[in-house]
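Student: One structure, pasted below without further comment.
The values are calculated or read from the model by the stated rules, or taken from the named source; none is laboratory data. Just so we're clear, the structure is a prediction, and the values are computed from it rather than from any experiment. All Cβ positions, glycine included, derive from the backbone under ideal geometry; neighbour counts span all protein chains shown.
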Amino acid sequence: MKKDYEIIIGLEVHAELNTKSKIFCTCKNAFGGEVNANCCPVCTGMPGTLPVLNEQVVYSCIRMGHALGCTIHNICKQDRKNYFYPDLPKAYQISQFDVPLCENGALEVMLDDEGHTKTIGVTRIHIEEDAGKLIHDDNFSGSLVDFNRCGVPLIEIVSEPDMRSSAEAKAYLDTIKSILQYLNISDCKMQEGSIRCDVNVSVRPVGQKEFGTRVEMKNVNSFSAAVRAIDYEAARQIELLEDGGHVVQETRKWNDAIGENMVLRSKEDAQDYRYFPEPDLLTIVVPQEKVDALRAEQPELPNARCKRYMFENKLPRFDANLLVENRDRGDLFDAAAALGAPAKAAANWLNGDVARLLGERGLTLADTKLTAESLAEMIDAIEKKTISNTAGKTVIEEIMFSGKSVSEVISEKGLAQVSDTGALRSVVEEVLSKNEKAVGEYKAGKTNVIGFLVGQCMRATKGKGNPELLRKLLEELIG
Amino acid sequence: MLYQKSATELSAMLARGEISAVELTRSVLGRIEETDGKVGAYVTVCAEDALKQAAAVDSRRARGEELPALAGIPVAIKDNICTKGVLTTCSSKMLYNFKPPYNATVIERLNAAGAVMPGKLNMDEFAMGSSCENSAIKLTHNPHDLTRVPGGSSGGSAAAVASGETILALGSDTGGSIRQPSSCCGIVGLKPTYGSVSRYGLIAFASSLDQIGPMARTVGDAALLYNTICGRDERDATSAHHTYPDFTKCMGKGVKGLRIGVPKEYFGLGVTKEVEKAVLEAVDALRAEGAEIREISLPSTDAALAAYYIISSAEASSNLARFDGVKYGYRAREIDGLIDLYEKSRSEGFGDEVKRRIMLGTFVLSSGFFDAYYKRGKVLQQKIASEFAEAFEGCDLIATPTSPFTAFRLGENVDDPLKMYAADICTVTVNIASLPAMSIPCGTGADGMPIGLQLIGPRFSEAALFNAAAHYESLVGGFNKIPAIG
């Protein structure tokens, strides 16, 4: 009989930091660029060179530590992790071993639309350097190395084995990503590899206390790949156990293209990294006042913001999420709401027309002239029926890109809503005469064609007609 | 001959326009030509570049520019200090063709001071050794007796200075590599306080112990060179924030009231009777000048060699891992895949002593052995450092032998690494405790070979070391004697 299994997941997230320069030299920290253009004797590990720690890396890591409620070890050290690989020119990675900068935190992740949450433990966050990249070229039979990424600063965020499904893992990863963005410490560009993760999976029969044997998976390059990799690995382990076998502790490599993983190395081949304190660098000492100042600078975090939108502004989770995912959009929403704009209307404009107009032009909010004041004023004009919702679409585009005031746009474009019954009556009569078929359908009881007729009237008034008045007139004249 | 004179004297002659830098450089290059076939101090001679540097100094002086004291003075460089575009081999097959793309900080400082570089000097491979016999390039002979070793690892530096093949030299010292060859060759060598000279560009042996220092025929010359190379460097995180005096003005203050500690533990350790006698006589000479001599105890001395070999080998195993045949230097041919490339390049590129230390270091860092070795080594290091700190509460300087014996014959100890390691027994504690120490000549043994007196001070006490050493130098009527070669 098939037993029920529980899946146990732990994640190690590597995030590249967006500091201006690399972690141990003055080279530019930038993705892309010509091969081996952003490197120097230090980051290519030339004999005799020495690392000098970029303190911004320490501050970024502490920011993340604060965001995840960690204990900050403001006195800590860096260690060498020794192994041979052509993309690692010193043959050791400078990382942190027994004393990470941040330790013992937790992250609350939202699991559903009702706002149910789960707390995932964060074991540690430490700083380290990235390695280079092996590349291949048709004109050369061997491997080539690009050292541009060498020495790019990373933080590694290690979770407790607290997740029980790939969905929880996805929620955790999404939350980590949004926090990195809110703190503005990582570009979070998955396609550039600025966030990567290693996934640890084990399974156990429901009710069993001890963890099952753990398998580590490497080469998981996106969050959706993490979901597929976890589901695949959990199923593989359950099948093994169901067939009377056992799970072997090993490292496996995920191949997302074929949706399978394969053994990379077994426990017996586990590398001995011979960690020891890095003698070229001094002990890291961050004054407590600096640690406190970094905490004080922390912005409202995405989870808290999402909850606030859901529970205080009564927005659906979908709308709230859209505002949270785009921090500048959320900031504008907050400012407009503070000026009295109704939450739902403000969210709809920002997530709807504003987002669409930005998307079409490939711009961000900062590239436009939209202010909280103008947005609130426009919404107010619609609420007060000075302009129609349709006219609002014209107004929003103008105030975003021309910088004119709402009232200027309304008067220049003649968008003020017509609520003069006399003027509208002739429009309605004309529309009715041109749409005899619809009138017939209405009379036959298909009353929802009234919407179509209102639309025709709006078009005839170039969006200026008061739609409620038009509806009333239509009903009156047909009836 | 110009090459026989001290840097201090030559600097004054250059400043007065009595000689030109080109003349001086020619004199040194001529001496190299004349004797280096026998001494073997140089790995690379940069005659053309040196003459260019000298000519540049002369033309600046002709324009009436005020130049630093080192302008026009030949300073030869140990071959583990990176010189842009000039071979820097560490006397290893592994780096037989390595031309660094950048200059070490000390080289930049020497260039800025107008120093002239006649060439790069032989050493034990990657600075591991006490006789220069671990060089993969050549043997260096002691100028006082060509059948004997010059000491090591900065043996080329010591031999070049002692023979007049340079006026000054830079060495590096991880466990005695400046002081022990200085002792063997009868010259002055300073291992500065850890952190006072930038390590940027020094190809690392043991990062927490390595320090570049001056080697010269007189104490004043060592001070002149040290003036130029010491100081904070942003590119070396372990470089100290410290203000340094003009060391050439720190001498001549006498030794009256100077408290000199003599640690009894340094006179066991296989120190020969003649070395012990010469050192104690030198101490007595200082006593006669008003110094107070105190017997002190540094009880952990006998454990220092073990701590030294654990810590230095551990760091070396990591520092030397980058030499893998992939990026520069020696690369094995006929390879079958990446692992084979690593294994063959490293097996063929490194010499036995280097491999021995890499294996030792890899072992002491291995999972399961780390606590028993590396961690205990670090604990011992703390203990040795605190014993020194305690000793310096009761004395200003400490006097010991530099090397327990005079220079041995070439080949005598090559098959006995432990005997070779014992040559460092009096010097390693200084590196372990991050202290400055100087070796100066104090007589000769029955074999006619120089004996060295080691003076050790607290951190940043170089001024006191120069003063005491210069006082002793004046007592014996000066050190600057170049032996007849051959």
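Student: Every residue in segment A:23-39 that is within 14 Å of chain B (Cβ to nearest Cβ) and crowded, with 17+ Cβ neighbours inside 10 Å, please.
Tutor: A:Ile23, A:Phe24, A:Cys25, A:Cys27, A:Cys39
Student: Could you list, in sequence order, the residues of segment B:12-23 that are buried (at least 24 other Cβ atoms within 10 Å of the Cβ) and either of a type in the set (D, E, K, R) or under 26 Å from the mean Cα position of the chain (by Cα) (or both)?
Tutor: B:Ala21
Student: Given (1) within 14 Å of another protein chain (Cβ to nearest Cβ); (2) of a type in the set (D, E, K, R); (3) outside any helix (DSSP H, G or I), where does A:Glu268 come up short, assuming only one miss?
Tutor: (3)
Student: With B:Glu34, B:Glu66, B:Glu48 as the choices, which residue is within 18 Å of B:Thr140 (Cβ to Cβ), of a type in the set (Asp, Glu) and over 22 Å from the mean Cα position of the chain (by Cα)?
Tutor: B:Glu34
Student: Starting from segment B:205-226, keep only residues that are touching a residue at least 24 places away in the same chain (Cβ under 8 Å), then list their pairs with residues that are in a strand (DSSP E or B) and of a type in the set (Asp, Glu) whose Cβ atoms are within a distance under 6 Å, requiring at least 6 positions of separation or different chains.
Tutor: Correct list of pairs: B:Gln211/B:Asp173; B:Gly213/B:Asp173.
Student: Could you say whether any residue in segment A:285-306 is within 28 Å of A:Lys90 (Cβ to Cβ), in contact with a strand residue (DSSP E or B) (Cβ under 6 Å, 6 or more places away or on another chain), modelled with pLDDT under 95 and exposed (fewer than 14 other Cβ atoms within 10 Å of the Cβ)?
Tutor: Checking segment A:285-306: not a single residue is within 28 Å of A:Lys90 (Cβ to Cβ), in contact with a strand residue (DSSP E or B) (Cβ under 6 Å, 6 or more places away or on another chain), modelled with pLDDT under 95 and exposed (fewer than 14 other Cβ atoms within 10 Å of the Cβ).
Student: Shifting gears a bit: Mind listing whichever residues of segment A:359-392 are aliphatic (A, V, I, L, M) and free of Cβ contacts under 8 Å to residues at least 24 places away in the same chain?
Tutor: A:Leu363
Student: Could you list, in sequence order, the residues of segment B:327-351 that are within 12 Å of chain A (Cβ to nearest Cβ) and in contact with a Phe, Trp or Tyr (Cβ under 8 Å, 6 or more places away or on another chain)?
Tutor: Once the filter is applied, which keeps residues that are within 12 Å of chain A (Cβ to nearest Cβ) and in contact with a Phe, Trp or Tyr (Cβ under 8 Å, 6 or more places away or on another chain), segment B:327-351 yields B:Tyr328, B:Gly329, B:Tyr342, B:Ser345, B:Arg346.
Student: Follow-up question, since we're still on this one. Checking B:Gly257 against (1) in contact with a strand residue (DSSP E or B) (Cβ under 8 Å, 6 or more places away or on another chain); (2) without any contact (Cβ under 8 Å) to a residue 60 or more places away in the chain; (3) on the phi < 0 side of the Ramachandran plot; (4) surrounded by fewer than 24 Cβ atoms within 10 Å (Cβ to Cβ), which single condition isn't satisfied?
Tutor: Going through (1) in contact with a strand residue (DSSP E or B) (Cβ under 8 Å, 6 or more places away or on another chain); (2) without any contact (Cβ under 8 Å) to a residue 60 or more places away in the chain; (3) on the phi < 0 side of the Ramachandran plot; (4) surrounded by fewer than 24 Cβ atoms within 10 Å (Cβ to Cβ) one by one, B:Gly257 breaks only (3).
Student: Additional query: Of all residues in segment B:50-65, which are surrounded by fewer than 14 Cβ atoms within 10 Å (Cβ to Cβ) and either more than 26 Å from B:Lys120 (Cβ to Cβ) or of a type in the set (A, V, I, L, M, F, W, C) (or both)?
Tutor: Once the filter is applied, which keeps residues that are surrounded by fewer than 14 Cβ atoms within 10 Å (Cβ to Cβ) and either more than 26 Å from B:Lys120 (Cβ to Cβ) or of a type in the set (A, V, I, L, M, F, W, C) (or both), segment B:50-65 yields B:Ala62, B:Arg63, B:Gly64, B:Glu65.
Student: Let me ask something additional. Scanning for something free of Cβ contacts under 8 Å to residues at least 60 places away in the same chain and surrounded by fewer than 24 Cβ atoms within 10 Å (Cβ to Cβ), does segment B:109-129 turn up at least one residue?
Tutor: yes
Student: Return yes when B:Lys277 is closer than 30 Å to B:Val476 by Cα, of a type in the set (D, E, K, R) and within 28 Å of the chain's Cα centre (by Cα) and no when it is not.
Tutor: Yes, satisfied.
Student: Next question, about the same structure. Please verify whether A:Ile258 is surrounded by 14 or more Cβ atoms within 10 Å (Cβ to Cβ) and either on the phi < 0 side of the Ramachandran plot or without any contact (Cβ under 8 Å) to a residue 24 or more places away in the chain (or both), treating the condition exactly as stated.
Tutor: Spelling it out, it is not the case that A:Ile258 is surrounded by 14 or more Cβ atoms within 10 Å (Cβ to Cβ) and either on the phi < 0 side of the Ramachandran plot or without any contact (Cβ under 8 Å) to a residue 24 or more places away in the chain (or both).
Student: Quick check on segment B:286-339: of everything there that is among the polar types (S, T, N, Q) and surrounded by 15 or more Cβ atoms within 10 Å (Cβ to Cβ), which residue is nearest to the chain's Cα centre (by Cα)?
Tutor: B:Ser312
Student: Name the residues in segment B:354-371 that are within 26 Å of B:Leu435 (Cα to Cα) and more than 12 Å from chain A (Cβ to nearest Cβ), would you?
Tutor: Of everything in segment B:354-371, those that are within 26 Å of B:Leu435 (Cα to Cα) and more than 12 Å from chain A (Cβ to nearest Cβ) turn out to be B:Val354, B:Arg357, B:Leu360.
Student: Turning to a different aspect of this structure: With touching a helix residue (DSSP H, G or I) at 6+ places or on another chain (Cβ under 9 Å) and assigned by TED's automatic domain parsing to the domain that holds A:Cys188 as the only criterion, which of A:Leu68, A:Leu53 stands out?
Tutor: Of the residues listed, the single one that is touching a helix residue (DSSP H, G or I) at 6+ places or on another chain (Cβ under 9 Å) and assigned by TED's automatic domain parsing to the domain that holds A:Cys188 is A:Leu68.
Student: Right, another one. Here are some residues: A:Gly403, A:Gly445, A:Gly463. Which one is on the phi > 0 side of the Ramachandran plot and in contact (Cβ under 8 Å) with a residue 60 or more places away in the chain?
Tutor: Testing whether each residue is on the phi > 0 side of the Ramachandran plot and in contact (Cβ under 8 Å) with a residue 60 or more places away in the chain leaves just A:Gly463.
Student: Next question. Only one of (1) farther than 26 Å from A:Val286 by Cβ; (2) within 14 Å of chain B (Cβ to nearest Cβ); (3) surrounded by 19 or more Cβ atoms within 10 Å (Cβ to Cβ); (4) hydrophobic (A, V, I, L, M, F, W, C) fails for A:Ile9. Which number is that?
Tutor: (2)
Student: Just one of the numbered conditions (1) surrounded by fewer than 16 Cβ atoms within 10 Å (Cβ to Cβ); (2) in contact with a strand residue (DSSP E or B) (Cβ under 7 Å, 6 or more places away or on another chain) is not true of A:Gly465; which one?
Tutor: (1)
Student: State yes or no: is A:Val263 closer than 19 Å to A:Asp198 by Cβ, more than 33 Å from the chain's Cα centre (by Cα), modelled with pLDDT under 95 and among the aliphatic types (A, V, I, L, M)?
Tutor: No, not satisfied.
Student: Please count how many residues of segment A:46-69 are within 11 Å of chain B (Cβ to nearest Cβ) and either hydrophobic (A, V, I, L, M, F, W, C) or surrounded by fewer than 21 Cβ atoms within 10 Å (Cβ to Cβ) (or both).
Tutor: So the answer is 4.
Student: Let me ask something additional. If a residue must be part of a helix (DSSP H, G or I), touching a helix residue (DSSP H, G or I) at 6+ places or on another chain (Cβ under 6 Å) and under 17 Å from A:Ile379 (Cα atoms), how many such residues does segment A:401-437 contain?
Tutor: Number satisfying all stated conditions: 2.
Student: Kindly evaluate B:Val75 against the criterion of being away from chain A (no Cβ under 14 Å) and either closer than 19 Å to B:Leu10 by Cβ or surrounded by fewer than 24 Cβ atoms within 10 Å (Cβ to Cβ) (or both).
Tutor: Here the answer is yes, as B:Val75 does meet what is asked.
Student: Separate question: Picking from A:Ile125, A:Ile135, which residue would you name as being of a type in the set (A, V, I, L, M, F, W, C), more than 19 Å from the chain's Cα centre (by Cα) and surrounded by fewer than 21 Cβ atoms within 10 Å (Cβ to Cβ)?
Tutor: Unique residue meeting the criteria: A:Ile135.
Student: If you don't mind, another one. Exactly one of these conditions fails for A:Tyr309: (1) more than 14 Å from every other protein chain (Cβ to nearest Cβ); (2) out of contact with any Asp or Glu (no Cβ under 8 Å at 6 or more places or on another chain). Give me its number.
Tutor: Evaluating A:Tyr309 over (1) more than 14 Å from every other protein chain (Cβ to nearest Cβ); (2) out of contact with any Asp or Glu (no Cβ under 8 Å at 6 or more places or on another chain) leaves (2) as the failure.
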